[in-house]
Amino acid sequence: MDIKLSQCFIAVDDHDKALAFYRDALGLEVRNDVGFEGMRWVTVGSPSQPDVEIVLEPPLADPNATDADRQAVAELLAKGLLRGVIFRTDDVDATFERIRAAGGDVLQEPMDQPYGVRDCAFRDPAGNMLRFNQPRAK
């Protein structure tokens, strides 16, 4: 049996702002943009990983959710308490500079971590934390 990651989901509250970040600042390609019942899902991915996609989805795409549920999720998203993803790069310092120059919200400048990577962190426009790491040379 062969199991591989296909998609992961990131909640965003403004797809146009999210696209400006994920497409323009990170350089991911847009693979799909779908609207349904007043909601929108945008799929992006790295050109070097055609089989892995990130779906930018509404914060709570459950038709049975209450207004209180939607408000609670929106508050968690605004605080940055919903998890994002970790990207791997071959040059974390250059990646950091490119994202910062594009207006990325810096959480952590590049630094060597005790668990074997050099990494940095940003928040996307919705508040999700995204980390970018590079394995350290041994």
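Here are a few things to note about the model shown:
A quick yes/no check of all residues on (1) in contact with a helix residue (DSSP H, G or I) (Cβ under 6 Å, 6 or more places away or on another chain); (2) surrounded by 13 or more Cβ atoms within 10 Å (Cβ to Cβ); (3) of a type in the set (Asp, Glu):
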| site | (1), (2), (3) |
| --- | --- |
| CYS8 | no, no, no |
| VAL12 | yes, yes, no |
| PRO47 | no, no, no |
| PRO50 | no, no, no |
| GLU57 | no, yes, yes |
| LEU60 | yes, yes, no |
| ALA68 | no, no, no |
| THR89 | yes, yes, no |
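- Within region 70-81, considering residues that are in contact (Cβ under 8 Å) with a residue 24 or more places away in the chain and surrounded by 13 or more Cβ atoms within 10 Å (Cβ to Cβ), the one nearest to ARG123 (Cα to Cα): GLY80
- On inspection, GLY84 fails the criterion of being in contact (Cβ under 8 Å) with a residue 12 or more places away in the chain and in a loop (DSSP other than H, G, I, E, B).
- Residues located in region 105-138, provided they are part of a strand (DSSP E or B) and basic (Lys, Arg): ARG118, ARG123, ARG131
Read-outs throughout are calculated quantities, based only on the coordinates presented, and are distinct from any laboratory measurement. These figures come from a predicted structure and were not determined experimentally. Cβ atoms come from the backbone with ideal geometry, glycine included; neighbour counts cover every protein chain shown.
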